[in-house]
Amino acid sequence: MNETIAENLQINKQSWDAASERFFGRTALPEFGPYAPTEKKLNLFGDDLSGLNVLEIGCGSGHSMKYMISRGVKEAWGLDLSRNQVVAANKVLGWEDSPFIFESPMEENPGIPEGYFDLKAI
């Protein structure tokens, strides 16, 4: 990875660590953001998530993972650049240092199995 990308990732990480509390649970599934239709209307994930293995890239505080778990996914995995977001996601999900939530930029694979997931969400 070149220095400019590494520097930008570090700046982004520091920014998200600093701002993470302001984004706790905001625009999490089943919502996509302010003034946007909800998942109920769009149905992007389909009616049945049961039995699926899902990966959320940029999982933030874990609220969207919690939503997918409530919809019956088999396994929910998350990836986020911010350590504070990873800690928040573990708390929201009631997990303690889950092996399924990774602190890493999406440009690097911290050990997530390739070809394992039925659904990847960003």
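Throughout, read-outs are computed from the coordinates displayed, never taken from laboratory work. The model shown is predicted, which means the values in this text are computed figures rather than measured ones. Counting neighbours? That spans all protein chains shown, and the Cβs are built from the backbone with ideal geometry, glycine included.
Worth pointing out:
- Test: residue in region 2-10 that is closer than 23 Å to Gly111 by Cα and in contact (Cβ under 8 Å) with a residue 40 or more places away in the chain: yes
- Subset of region 87-116 (residues that are under 17 Å from Met68 (Cα atoms) and aliphatic (A, V, I, L, M)): Ala88, Ala89, Val92, Leu93, Ile101
- Condition check for Gly60 on (1) surrounded by fewer than 16 Cβ atoms within 10 Å (Cβ to Cβ); (2) within 21 Å of Ser20 (Cα to Cα); (3) small (Gly, Ala, Ser): one failure, at (1).
- Hey, Leu93 surrounded by 15 or more Cβ atoms within 10 Å (Cβ to Cβ) and more than 17 Å from Ile122 (Cα to Cα) or not: yes
- Members of region 18-54 found to be more than 16 Å from the chain's Cα centre (by Cα), in a loop (DSSP other than H, G, I, E, B) and more than 22 Å from Gln85 (Cβ to Cβ), listed by number: Tyr35, Pro37, Thr38, Asn43, Leu44, Gly46, Asp47, Asp48, Leu49, Ser50, Gly51
Residues are listed down the side, and each one gets a yes or a no for (1) within 23 Å of Ser50 (Cα to Cα); (2) within 13 Å of the chain's Cα centre (by Cα); (3) of a type in the set (D, E, K, R):
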position: Ala76; (1), (2), (3): yes, yes, no
position: Ser82; (1), (2), (3): no, yes, no
position: Gln85; (1), (2), (3): no, yes, no
position: Asn90; (1), (2), (3): yes, yes, no
position: Gly94; (1), (2), (3): yes, no, no
position: Ser104; (1), (2), (3): no, yes, no
position: Gly115; (1), (2), (3): yes, no, no
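- Restricting region 71-122 to residues that are free of Cβ contacts under 8 Å to residues at least 60 places away in the same chain and of a type in the set (Lys, Arg), the residue that is nearest to Ser15 (Cα to Cα): Lys91
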